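The values are calculated or read from the model by the stated rules, or taken from the named source; none is laboratory data. Small disclaimer: the values here were computed from a predicted structure and weren't measured. Positions of Cβ are backbone-derived with ideal geometry, glycine not excepted, and every protein chain shown enters the neighbour counts. When the accessible area is computed, the model is the full protein with side chains, heavy atoms only, and any ligands, DNA or RNA have been set aside. Shrake-Rupley method; radii C 1.70, N 1.55, O 1.52, S 1.80 Å.
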Amino acid sequence: AAQWLREMRESHTELDTEGYTVLIHGCAERGELQEAEKWMQEALTSRKSDLQCFATMVNAYARATAVEGADRWLSVMEKEHLRPNEVIYGSLISSSRDAQLAERLLQRMRDSKLVPNVVNYTAVLTAYGRRGDFHKATELLEEMRQAEVVPNIISWNALLDSFVKGDGNATRCLNEMVQTKMEPNVVSFTSMIDYHSRRADPEAAELWLLRMRSLHLRPSAVTFTAVLKGYAKTGQVDEAAKVLRRMALSQLPLDVVAWTGLLSACAAAKRWDVALCALRWMRQLQVSPNQITHQALKRMGLR
């Protein structure tokens, strides 16, 4: 982008609206928000800022979870008499990693007399799910129903995720989902397994895995890793190792997250025998350790 800009300036070619948008996007991708601000201000001063240009700037702050910056540029956009359409609002809401900003964008969309769809609502539900705010997520699902927007399986799974991470009553949430004739999928069952593993109840997690298989749903690597986490949390290292073997037999990838879960359990239980065996197998599969893996190995005096 810098080379392209130099060539344009050397040829005395002025930046157009599309050029400014490209530059702002490039800065945002590198996390250089101040540089993006500089180009946005220049576009604004030279009267070459359009709806897409503003949306790119707001999106940069939305992805960085910088609520104030996103709000500020939305206000400037309105002063310029530019109003985002459904597509732009949808993109901004989906990019927002902050639940508060996502809901604020949803409200702005309503205030603009635009009608949010299931994708917009689900994006906000997902943001609440990430931080385990099941109270807000439940309220939002009710708002969807009142607006006659029917939640889909992704909406329900986002709600379920909020109960799992927020230590709410995930079982009741799943039952409510089933009562609406929505069939749970692999993601739903994986969430329930994770819910019980977080509560140090691997036996309950295994029951949900059996129930999942009885419905002819194939567990994913994430599903098995959630089961492993339950055994690791209760110090059942041998059972955790068996989960890895089950993953291998199911021809699922043994990723660094699964290995780290086992090695962390080994470190806590001081099971050097299992740790050494796991480390050899991990190296044979050429799985690169991450920072958490290194921390577990360091606690055991292994490298």
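At-a-glance table
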item: Members of the range 156-187 found to be surrounded by fewer than 24 Cβ atoms within 10 Å (Cβ to Cβ) and of a type in the set (Ser, Thr, Tyr), listed by number; result: 171, 180
item: Options 17, 65, 45: the member that is open to solvent by 20 Å² or more (accessible area, probe 1.4 Å), touching a Lys or Arg at 6+ places or on another chain (Cβ under 7 Å) and over 19 Å from residue 93 (Cα atoms); result: 17
item: Enumeration of residues in the range 213-247 that are small (Gly, Ala, Ser) and either surrounded by fewer than 15 Cβ atoms within 10 Å (Cβ to Cβ) or assigned to a loop (DSSP other than H, G, I, E, B) (or both); result: 214, 220, 235
item: The range 123-147, residues that are open to solvent by less than 10 Å² (accessible area, probe 1.4 Å) and either among the acidic types (Asp, Glu) or under 11 Å from residue 94 (Cβ atoms) (or both); result: 124, 127
item: Lone qualifier among 303, 280 - being at pLDDT 90 or above and open to solvent by 80 Å² or more (accessible area, probe 1.4 Å); result: 280
item: Residue in the range 59-73 that is among the charged types (D, E, K, R), more than 15 Å from residue 140 (Cβ to Cβ) and not in a helix (DSSP H, G or I) present; result: no
item: Checking residue 120 against (1) crowded, with 19+ Cβ neighbours inside 10 Å; (2) within 18 Å of the chain's Cα centre (by Cα); (3) at pLDDT 95 or above; (4) not small (Gly, Ala, Ser), the condition it does not meet; result: (3)
